[in-house]
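Here is the structure we will look at.
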There are 2 protein chains.
Amino acid sequence: MNCEILSVGTELLLGNTVNTDAADLSDRLAALGVNVFWHTVVGDNPGRLAQAVSIARSRADLIVTTGGLGPTYDDLTKNVLAECFGRKLELHPEEAAFLKAWFAENTSTKYTDNNLQQAYLPERCTVFHNDWGTAPGCAFAEGGVHVIMLPGPPRECLPMFDACAAPYIKGLSADVIFSHQIKVFGIGESAVESMLRAEMERMQNPTLATYAKFGEVMLRVTAKAADEAAAEEMCRPVTDRVLAALGDKVYGVDLPSLESLALELMRQKGLTLSAAESLTGGLIGQRFTALPGASAVFKGGAVTYCDEVKAALLGIDPALIAEKGAVSRQVAAAMALGVRKAVGADVGLSATGLAGPDGDGVHPVGTVFVGLADADTVLVRELHLGTGRERVRQLAASHTFDMLRRYLQGLDVVPEEYAPAE
Amino acid sequence: MNCEILSVGTELLLGNTVNTDAADLSDRLAALGVNVFWHTVVGDNPGRLAQAVSIARSRADLIVTTGGLGPTYDDLTKNVLAECFGRKLELHPEEAAFLKAWFAENTSTKYTDNNLQQAYLPERCTVFHNDWGTAPGCAFAEGGVHVIMLPGPPRECLPMFDACAAPYIKGLSADVIFSHQIKVFGIGESAVESMLRAEMERMQNPTLATYAKFGEVMLRVTAKAADEAAAEEMCRPVTDRVLAALGDKVYGVDLPSLESLALELMRQKGLTLSAAESLTGGLIGQRFTALPGASAVFKGGAVTYCDEVKAALLGIDPALIAEKGAVSRQVAAAMALGVRKAVGADVGLSATGLAGPDGDGVHPVGTVFVGLADADTVLVRELHLGTGRERVRQLAASHTFDMLRRYLQGLDVVPEEYAPAE
């Protein structure tokens with residue numbers, strides 16, 4: 001099935017809003033075996049939207065729209081789509097009742113009659129009730145084309161896709177698509193591809209594809225079969241071969257991130273965490289505490305951006321910094337040990353290095369030391385991460401989480417490639 | 001001039017990469033007075049790309065492409081665009097010489113003959129030399145349509161737009177476009193619009209438009225005139241009226257962010273900064289230290305995610321926390337005072353509150369106290385930020401930076417609306 005995502009909203013064309021919906025829906029559609037061949041964005045203009053719909057229906061089997069379902073005069077997606085496909089809009093009494101009840105409860109938002117406009121949907125459609133906002137979505141088929149309309153705000157669009165649109169799309173095909181995401185850290189995309197290229201090119205069903213982002217590689221294994229069990233069975237040997245080829249560089253299958261794995265493992269073991277951050281400036285703490293439930297594990301930490309603060313908050317001997325330099329194996333170790341003790345946590349993480357753009361005259365930009373300490377040991381990885389201030393900081397934080405998950409999984413925390421001789 | 005942005009890359013259709021280029025270019029094109037009416041994304045497929053070009057040239061005066069200029073077999077943008085517009089590709093000797101020199105210098109990247117493909121550009125085009133990577137961009141006009149081709153990676157695409165494409169576009173019109181961005185914090189977009197709507201609707205040249213994001217509102221004043229001085233002169237009375245209407249909610253004109261203003265003001269005054277973070281978990285430090293040059297001002301801070309750490313790192317009396325609760329005006333004050341002292345900085349910022357999804361049984365999710373302390377005083381804002389974990393955390397961090405800039409500008413740090421009676 002070939003799909004076009006048609007996003008409606010002038011805010012996207014003004015650059016005020018980034019079209020993350022298109023990316024997030026594409027990812028989900030790919031996992032359902034749908035080929036997304038086009039993204040189109042048009043503004044809140046009926047003529048240009050109608051033209052875009054006419055182009056989309058000429059080339060796609062599935063049109064997924066986002067945005068323009070709300071109560072204001074510039075929310076015109078339903079009207080234009082219904083018109084293009086020759087359907088009337090009709091009031092859906094259940095949605096109207098829901099809207100009235102919603103506004104009775106949420107008195108801070110003023111009800112106007114415009115809000116009822118949201119309960120008008122194309123005749124003979126499947127209604128997608130909105131449990132995350134007010135405007136319902138819907139789906140219908142006409143002339144061999146399936147149309148799915150979703151709200152624009154990501155916190156409504158994505159859960160509605162998962163709860164309503166994904167089952168609708170699965171129901172369109174007798175086949176079931178099943179996929180696994182294999183998550184890899186510590187090896188580049190081109191290295192992964194060169195190890196697996198022969199296999200990837202040979203495969204038709206299941207397929208294997210790689211995606212890379214901020215130092216991580218994700219491999220997606222996808223199979224199509226008559227039922228989920230059969231599709232999963234087809235994925236298994238491919239997944240097994242990838243796991244065998246990449247070994248413990250694979251940190252998980254179908255896991256969201258390094259830090260979410262680390263949080264889960266820490267929780268299981270009843271351990272607490274702390275972090276001492278120089279070049280990352282708070283990023284390690286921020287990424288870890290972005291996870292709901294982090295407070296059960298993360299006790300706190302210190303952002304020691306200047307050397308005096310390394311002494312004041314972590315008790316690091318200024319003579320050590322004077323001798324070895326703030327960007328050194330020894331200071332990374334002292335930071336991890338120091339924060340663990342200062343915070344009273346089981347494990348301390350640390351990062352010190354040069355994010356750039358300026359160097360320190362000693363090390364090149366991108367030189368980073370990350371450390372991990374527990375009651376018995378302290379381990380440090382030496383990294384050379386290249387340039388790009390934000391990139392270097394993100395990679396440094398990812399390395400601390402990778403050290404932590406390897407520590408918790410009983411693997412070498414500092415594999416050979418990260419531990420050059422002293 | 002009506003523009004279509006045509007982004008080429010299968011990675012965008014797979015959801016692996018978010019199309020930030022389209023948003024960032026749209027923003028820049030709007031500032032040049034260009035109407036962006038369409039964004040289109042197609043994969044690395046010559047047939048679908050040629051079809052998209054055919055549609056774009058039928059409706060736009062300017063087509064800006066991103067991506068597909070590199071050296072690999074799937075980089076086909078130039079070939080397809082040249083073919084569609086009936087131009088040959090020819091070797092540009094200067095670009096070829098540059099590429100050979102580049103690869104001689106960057107020996108870590110292997111040179112192959114494919115790389116020379118990047119030096120082939122459409123005949124009779126304006127070459128945009130790439131100072132940020134290897135693949136050059138270009139521009140040409142054919143049949144009343146202007147075509148601009150830019151590389152895909154944002155760190156090449158955006159500087160090339162600014163350095164090469166923007167001057168090219170300016171040269172297409174006898175008129176000059178001039179715009180100011182007025183940056184506002186602490187008032188909602190709808191409130192701004194209702195104050196200025198009559199004015200906004202009446203205006204033709206200059207124009208005034210609003211954009212909102214994460215609690216901030218940006219107003220863009222744009223004028224078109226025969227030269228820049230005249231256009232700037234036309235903007236002035238509008239800018240003045242907006243500044244008069246919004247008062248000190250305006251934190252700057254043509255400034256990137258609250259934190260960059262705070263950094264600049266701190267640097268001018270020779271002051272140093274520290275931060276004590278609970279619900280933000282490191283975000284205040286991370287945002288501030290994302291700015292190059294932050295190390296001249298930011299000394300460090302403490303992430304005190306659990307109550308013991310508030311005592312251990314900041315010396316806060318556990319009895320105070322027991323009595324008032326960790327989410328309280330008093331603890332926010334004690335955190336700001338404590339971090340200032342612990343780190344030895346002139347100013348301490350603090351944030352404590354509930355980001356959700358879980359509450360504490362006392363306050364609703366979104367209740368946040370942010371504080372600022374110097375040698376003489378400590379001030380606290382009480383905030384009710386609603387839901388959405390990441391949203392609440394970002395808004396809380398923005399409020400600490402807003403307090404800081406108001407403190408440095410000699411304004412009320414806690415205006416009436418943020419300082420409910422005790």
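Each reported figure results from applying straightforward, stated rules to the coordinates on display, with no laboratory input. Since the model is a prediction, treat every value here as computed from it, not as a measurement. Here the Cβ is made from the backbone with ideal geometry for all residues, glycine too, and neighbour counts use every protein chain on show.
Results, tabulated for the structure shown:
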item	result
Antiparallel %, DSSP beta bridges [both residues in the protein assembly as shown], to 5	65 percent
Radius 13 Å from Cβ of B:Val53, net charge of other residues (Lys, Arg +1; Asp, Glu -1)	+2
Estimated FRET transfer efficiency (A:Asp175, B:Thr20; beta-carbon r; R0 30 Å; 0.05)	0.30
Rounded to 10°, Cα long-axis angle of helix A:258-269 versus longest principal axis of chain A	70 degrees
Neighbourhood charge, 12 Å Cβ-Cβ cut-off, centred on B:Tyr211 and excluding it, Lys, Arg +1 and Asp, Glu -1	-2
Other copies of B:Ser54: label-to-label distances in nm, shortest first, labels 7 Å along the beta-carbon direction	1.6
The protein assembly as shown - mean residue ellipticity at 222 nm from DSSP helices (-39,500 (n - 2.57) per run, n ≥ 4, rounded to 500)	-12000 deg cm²/dmol
Residues B:Val343, B:Val309 arranged by fewest to most Cβ contacts within 10 Å	B:Val309, B:Val343
37 °C / 0.692 mPa s Stokes-Einstein diffusion coefficient of the protein assembly as shown, Kirkwood radius on C-alpha pairs, µm²/s	113 µm²/s
Anisotropy class of segment B:1-64 from Cα gyration tensor, a/c 1.5 cut	oblate
Nitroxide proxy distance, nm - points 7 Å out along Cα→Cβ at B:Met200 and A:Ala96	3.2 nm
Copy-to-copy label separations for A:Lys269, where each label sits 7 Å from Cα toward Cβ, in nm and ascending	4.6
Extension gain, B:Trp132 back to B:Arg155 (0.36 nm per residue minus Cα-Cα distance, nm)	7.6 nm
Value of relative contact order over segment B:258-418, rounded to a whole percent, pairs C-alpha under 8 Å and six or more apart	24 percent
Centroid-to-centroid separation of segment B:58-107 and segment A:32-97 [C-alpha atoms, Å]	36 Å
Part-to-part distance (alpha-carbon centres) for segment B:338-413 and segment A:146-197, which is given in Å	38 Å
Footprinting exposure proxy for A:Phe214, B:Phe369 (fewest neighbouring C-beta atoms within 10 Å first)	A:Phe214, B:Phe369
Positive-pole candidate from B:Phe185, B:Val253, B:Val221, dipole of segment B:176-253, charges at beta carbon	B:Phe185
Cα-based shape type of segment B:148-300, given that a ≥ b ≥ c are square roots of the gyration tensor eigenvalues and the cut on a/c is 1.5	oblate
Charge dipole magnitude, Cβ of K and R +1, D and E -1 - the protein assembly as shown, Cα centre, debye nearest 20	40 debye
Cα centroid of segment A:313-328 to Cα centroid of segment B:260-328, whole Å	22 Å
Packing-based exposure ordering (other Cβ within 10 Å, fewest first) of B:Met195, B:Met234, A:Met335, A:Met149	B:Met195, B:Met234, A:Met149, A:Met335
Residue mean of other protein chain beta carbons inside 10 Å, B:17-28	5
Degrees, to the nearest 10: A:93-105 long Cα axis against longest axis of chain A	50 degrees
Shape call, segment A:2-170: gyration tensor on alpha carbons, a/c limit 1.5	rounded
For the B-to-A rotation axis, chain B residue with nearest beta carbon and its distance in angstrom	B:Gly282, 1
Test item: A:288-299 mean partner chain Cβ contacts at 10 Å	5
Position A:Gly361, label points 7 Å along Cα→Cβ, spacing to each other copy in nm (shortest first, one decimal)	5.7
Net charge, A:Leu354 excluded, C-beta distance under 10 Å - Lys, Arg +1, Asp, Glu -1	-1
Acute angle (nearest 10 degrees) that the helix A:20-31 long axis makes with the longest principal axis of chain A, alpha-carbon atoms	90 degrees
Peptide-level mean, for A:4-13, of C-beta atoms on other protein chains within 10 Å	3
Point-to-point label distance, B:Glu308-A:Leu243, nm (Cα→Cβ direction, 7 Å offset)	3.7 nm
